[in-house]
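Step one of this worksheet: look at the structure below.
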Amino acid sequence: MDPLADVLAISGVRGALSTRIEAGGSWAVVLDDYPGTALHVITAGSAWLSTPESEPVELAAGDVVLLPAGTPHGLGNEPGDGRKGCEYATARGRGSGDVISLGTSPATTRIVTIHYDSDPATLTQILPRLPGLVHVRADNGTAGLNDTVRMLAREVAQPRIGTAAVLKSLVDIVLVEMLRAWLAESPPECFGTWLGALYDPVVGRALQHLHQDPATSWTTSSLAQAISVSRATLSRRFPAAVGTTPAAYLAVWRMDLAAVHLRDTHDSLENIAASVGYGSVPAFTRAFTRAHGRTPGRYRAEARVKHETDFRLGFPQQSALVVDARA
């Protein structure tokens with residue numbers, strides 16, 4: 001596995017298809033109350049995205065834009081609050097796959113909205129580490145992203161046998177392809193978090209060892225030896241890229257791995273503790289409680305309640321992004 005796939009799995013990122021917008025003429029949609037991170041795919045036409053904190057952004061066909069969880073925003077045919085003098089709607093209370101039809105016919109703009117959720121108790125995250133707004137233009141996107149957008153548009157416009165299964169996978173793929181395209185353009189914004197490891201091959205190899213063998217008692221020296229660099233080199237480059245030392249990163253990663261096992265399995269505390277390098281349950285319990293603010297038992301119980309709530313809200317029980325994390 002690679003670091004991006006690891007973190008998507010550990011943080012429990014899951015996506016669900018939300019509302020679709022089909023509009024023509026003068027129109028606007030208000031999105032001020034929705035679960036999780038919002039991603040909009042412009043499959044046809046154009047639109048303006050407006051938020052209280054930034055200048056309006058013009059979106060064209062093939063563009064993909066992602067906003068942090070809870071960010072109030074609007075989409076419309078004009079910049080700013082275009083609700084005056086046009087037909088507008090709110091997305092509040094809309095169900096998965098609902099179509100919002102606005103303005104005049106024929107519809108010239110089509111937008112697919114996807115919501116992503118993650119486990120907020122997991123310390124290693126990706127969605128909260130992104131800037132306030134991520135906009136990947138069609139002409140700056142990768143071939144993979146452009147192909148995914150076209151496939152998404154086709155499946156939504158012309159449902160066929162198996163479309164539900166295809167859309168479920170595309171919800172995951174479009175996020176990964178968007179992240180690939182954005183990461184290829186934005187190295188300076190990534191340094192200081194684990195994302196910085198994606199731009200330093202030495203640190204990236206070190207991260208792979210920490211992820212693959214978390215039970216090993218890694219030191220900076222042993223990690224440097226494993227990737228064939230000097231201790232001084234790793235001591236300098238790891239904090240510069242990731243923002244912390246290998247030992248501190250490993251401590252957090254172990255606790256996140258443990259959280260995943262508690263969340264997704266029925267493994268005993270003894271087995272979970274051993275899988276992340278702890279020789280005793282009491283030592284593991286103390287470390288986990290310091291990291292997550294609750295005991296392993298309480299965390300497991302709360303995670304199961306959240307799972308039931310997510311199911312009612314329409315988030316999938318398991319996403320293709322959630323793959324087996326090595327322990």
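What to note about this one:
- Amide H contacts of Ala44: Gly62, Arg110, each under 5 Å away and 5 or more positions distant or on a separate chain (H built 1.01 Å from N in the peptide plane; Pro and chain starts excluded).
- Relative to the globular-protein estimate of 2.2 N^0.38 Å, the Cα radius of gyration of the chain stands at 1.09.
- Shown in residue order for the stretch 47-58 are the 3J(HN,Hα) couplings computed by the Karplus curve 6.51 cos²θ - 1.76 cosθ + 1.60 at θ = phi - 60°: 7, 10, 9, 10, 10, x, 9, 8, 5, x, 10, 7 Hz (x for Gly and Pro).
- For Gly243, residues with placed amide H under 5 Å, excluding near neighbours: Gly192
- Tail weight of P(r) past 22 Å, computed on alpha-carbon pairs of the stretch 13-185, percent: 40
- Distance between the stretch 165-209 and the stretch 1-26 - C-alpha centres, whole angstrom: 14
- Shown here are the Rg and Dmax of the Cα trace of the stretch 194-313, at 16.2, 52 Å.
- The chain - mean residue ellipticity at 222 nm from DSSP helices (-39,500 (n - 2.57) per run, n ≥ 4, rounded to 500): -13000 deg cm²/dmol
- Least to most buried among Glu55, Glu189 (fewest other Cβ within 10 Å first): Glu55, Glu189
We did not get these values from a lab; they are worked out from the coordinates using the rules stated. What you are looking at is a predicted structure, and each value in this text was computed from that prediction instead of being measured. Note: ideal-geometry Cβ built from the backbone for every residue, glycine included; neighbour counts use all protein chains shown.
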